[in-house]
Amino acid sequence: MMSDLPKMKIAEARDAMRRGELTSVELTEACLGAIDAADALNAFVHKTPEIALDQARQADERRKASEEAPALNGIPLGVKDLFCTRGVPSQAASKILDGFRPEYESTVTRQLFDNGAVMLGKLNMDEFAMGSSNETSTYGNAVNPWRRRQDDAALTPGGSSGGSAAAVAADLCLGATGTDTGGSIRQPAAFTGITGIKPTYGRCSRWGIVAFASSLDQAGPMARDVRDAAILLQAMCGHDPLDSTSADLPVPDFEAALTGDIRGKTIGIPREYHMDGIPDEIEALWAQGRQMLADAGAKIVDISLPHTKYALPTYYVIAPAEASSNLARYDGVRFGHRAKLAQGDGITEMYEKTRAEGFGNEVKRRVMIGTYVLSAGFYDAYYNRARKVRALIKRDFDEVFAQGVDAILTPATPSAAFGLGEMADADPVQMYLNDVFTVTVNLAGLPGIAVPAGLDGQGLPLGLQLIGRPWEEADLLNTAYALERAAQFVEKPARWW
Amino acid sequence: MSIDIETARKVAHLARIRVEEAELEPLTHDFNAILGFIEQLGEVDVAGIEPMVSVTPMRLKRRDDVVTDGDQQARVLANAPDAREGFFAVPKVVE
């Protein structure tokens, strides 16, 4: 008999522990049991039960000692493998970081632990966060707890934060960290019926998070509902002197902003997000979302973001370019894997063999594309042009916000979760289309949130995305809260694992 | 614009990733699919647009130019595949 404790929301567990009706050790043990029973999902790839129970005991002690325990005291979480956690394997799901145990803690996880959180383990993901299906991981695929009706086919939980999404959706942990460079929090959240927010670029420190594309990467929470996402985001945000792009701005009380009152707010519906080939179910869900927000008292306006169609090609210049620079550090010298060398091999052979063995195919492809677009003769034609188009994409958003739009409603993904292996023969560009609705948000540095809003005809969850003004996560979370209350999405995957 | 196998070989070398001969052709094919997709950017009128430097207009913080860290040789070397006598060890670089 599995315990029901891991199904609790963060806010419920927090309140129960405050009232003395639940201990962190009880909750943590229940989560560890659920994790051990869910190896079929391949979500947790490094389990840390000793650390978890130690942190849980400390949380319970803290609670006994003082009424004023920190916000996440005793809450068990999962951590994406992209976050460096001191003394615990942190390898970005890459073979090239086999055996790497950081000597330091990422700022985001340190802040979570300072707020009393408990770490259950590290979560599966696409290698270096490059992927939309969790199929590029050195640990193998993470599996979506959801299945189509009357069909046992294993589905992707999305990517790159696929392990985080699967773990939260399957009730293995109360929440998880994710990161989002082009949609890696929002797409897996939508594929698994959970909530995920990518905050404004600069809200969360990037220090200690393995870098993919530094001008796009942001951490954010993945949780069961908007309130839990708000609670987690609160603890993750804030200025960090160790990240020069971290914003020195006050962090508002996100949970307190959740009133559900959006009367008088203006919600934009971008016409360019009506795209060919998007299933009718997703168009219908989008229309329902529009109606829900209108019924809640928001004013709905049609808007135009004319450069939308250029967002993905822009991303596939800028992200690989930055990745090729960031991943140059994996050279077999300072950490991780080094290839066995043959007699007479010099340092160049060491680099080339180490990187050939250590990187998977998608990572190699992106590093090489990035190398190409930055190479002499192509830098202007590709990289500089992409940076100019990026400026235009951001300007599109600036203009609609200047017209008084408070938030923008779009679908989160162009489809429901697809089958693992289904895209194996597709060319890489087909996989990239997963991020068509989310990638604009990273290019413009904006906050975006995915909220589960319904099921498709096969019984799989679908999500809607809300995009907010920069630094206005509190308002965005409140709009998402209003949408969540109207959508009343309560379905859970039937347990088969 | 499409690239040939020679260009793919050159890019692989610039990226310091060994690619076996048999893998070069499929790699070239993938490159061309991606580059074909990127070509669309050529349609955009970017006259007078400055390339984006920072997504959020912000001045990067400065700090005093002082030593804030150090004396951690063992921890710096802790993850090295090969460390000797307090240094990272690599194959001979200079003949």
Filter pass, A:D425 being over 23 Å from A:L466 (Cβ atoms) and among the charged types (D, E, K, R): yes
Residues (surrounded by fewer than 24 Cβ atoms within 10 Å (Cβ to Cβ) and among the hydroxyl-bearing types (S, T, Y)) located in the stretch A:418-451: A:Y432
Single residue of the stretch B:78-95 satisfying the filter (open to solvent by 90 Å² or more (accessible area, probe 1.4 Å) and more than 8 Å from chain A (Cβ to nearest Cβ)) that is farthest from A:P102 (Cα to Cα): B:E95
Boolean, A:G183 is surrounded by 24 or more Cβ atoms within 10 Å (Cβ to Cβ) and within 16 Å of A:P145 (Cα to Cα): no
Residue in the stretch A:73-89 that is crowded, with 19+ Cβ neighbours inside 10 Å, touching a Cys at 6+ places or on another chain (Cβ under 8 Å) and assigned to a loop (DSSP other than H, G, I, E, B) present: no
Count of the stretch A:291-335 residues which are open to solvent by less than 40 Å² (accessible area, probe 1.4 Å), more than 8 Å from chain B (Cβ to nearest Cβ) and over 28 Å from A:L483 (Cβ atoms): 9
Subset of the stretch B:2-25 [in a helix (DSSP H, G or I), more than 8 Å from every other protein chain (Cβ to nearest Cβ) and open to solvent by 70 Å² or more (accessible area, probe 1.4 Å)]: B:E6, B:R9, B:K10, B:E21, B:A22, B:E23, B:E25
Residues of the stretch B:8-41 satisfying the condition of being in contact (Cβ under 8 Å) with a residue 24 or more places away in the chain and within 17 Å of A:R366 (Cβ to Cβ): B:T28, B:F31, B:N32, B:L35, B:G36
Residue list for the stretch A:96-141, filter: open to solvent by less than 50 Å² (accessible area, probe 1.4 Å) and β-branched (V, I, T): A:I96, A:T107, A:V108, A:T109, A:V118, A:T136
Number of the condition not met by A:I278 [criteria: (1) more than 8 Å from chain B (Cβ to nearest Cβ); (2) surrounded by 15 or more Cβ atoms within 10 Å (Cβ to Cβ); (3) assigned to a helix (DSSP H, G or I)]: (3)
Qualifying residue in the stretch A:220-238 (condition: over 28 Å from A:F100 (Cα atoms) and basic (K, R)): yes
Matching option when the condition is buried (at least 20 other Cβ atoms within 10 Å of the Cβ) and either within 24 Å of the chain's Cα centre (by Cα) or within 28 Å of B:E50 (Cβ to Cβ) (or both), among A:D406, A:D398: A:D406
Members of the stretch A:38-68 found to be more than 26 Å from A:G208 (Cα to Cα) and open to solvent by less than 40 Å² (accessible area, probe 1.4 Å), listed by number: A:A38, A:L41, A:D60
Output for the stretch A:213-230, where each listed residue is open to solvent by less than 10 Å² (accessible area, probe 1.4 Å) and either away from chain B (no Cβ under 14 Å) or under 13 Å from the mean Cα position of the chain (by Cα) (or both): A:L216, A:Q218, A:A219, A:G220, A:P221, A:M222, A:A223, A:V226, A:D228, A:A229, A:A230
Odd one out for A:L341 among (1) open to solvent by less than 20 Å² (accessible area, probe 1.4 Å); (2) not in a helix (DSSP H, G or I): (1)
Any chance A:R385 is open to solvent by 30 Å² or more (accessible area, probe 1.4 Å), modelled with pLDDT of 95 or more and facing another protein chain (nearest Cβ under 9 Å): yes
Residue satisfying all of: in the stretch A:12-36; open to solvent by less than 10 Å² (accessible area, probe 1.4 Å) and in contact (Cβ under 8 Å) with a residue 12 or more places away in the chain; nearest to A:D228 (Cα to Cα) among these: A:A13
Selection from the stretch A:363-390 of residues that are part of a helix (DSSP H, G or I) and hydrophobic (A, V, I, L, M, F, W, C): A:V363, A:V367, A:M368, A:I369, A:V373, A:A381, A:A386, A:V389
Residues (more than 7 Å from chain A (Cβ to nearest Cβ) and farther than 23 Å from A:L327 by Cα) located in the stretch B:30-43: B:G36, B:E39, B:G42, B:E43
Residue tally, condition more than 24 Å from the chain's Cα centre (by Cα) and either facing chain A (nearest Cβ under 8 Å) or part of a loop (DSSP other than H, G, I, E, B) (or both), over the stretch B:44-77: 22
Residue within the stretch A:201-209 that is open to solvent by less than 10 Å² (accessible area, probe 1.4 Å), at pLDDT 95 or above and over 20 Å from A:C84 (Cβ atoms) present: no
Any pair with Cβ under 8 angstrom, 6 or more apart, that starts in the stretch A:351-363 at a residue that is more than 9 Å from chain B (Cβ to nearest Cβ) and ends at one that is among the basic types (K, R): A:G358/A:K95; A:G360/A:K95
Hits in the stretch A:166-185 (condition: in contact with a strand residue (DSSP E or B) (Cβ under 7 Å, 6 or more places away or on another chain) and under 18 Å from A:R227 (Cβ atoms)): A:V168, A:C173, A:L174, A:G175, A:A176, A:T177, A:G178, A:I185
Breaking point among (1) touching a helix residue (DSSP H, G or I) at 6+ places or on another chain (Cβ under 7 Å); (2) touching a residue at least 60 places away in the same chain (Cβ under 8 Å), for A:D261: (1)
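The values are calculated or read from the model by the stated rules, or taken from the named source; none is laboratory data. Quantities reported herein were computed from a predicted structural model and do not represent experimental measurements. Neighbour counts are summed over all protein chains in view; Cβ atoms, including those assigned to glycine, are modelled from backbone coordinates with ideal geometry. Accessible surface is based on the protein model in full, side chains and every heavy atom, while ligands, DNA and RNA are left aside. Shrake-Rupley method; radii C 1.70, N 1.55, O 1.52, S 1.80 Å.
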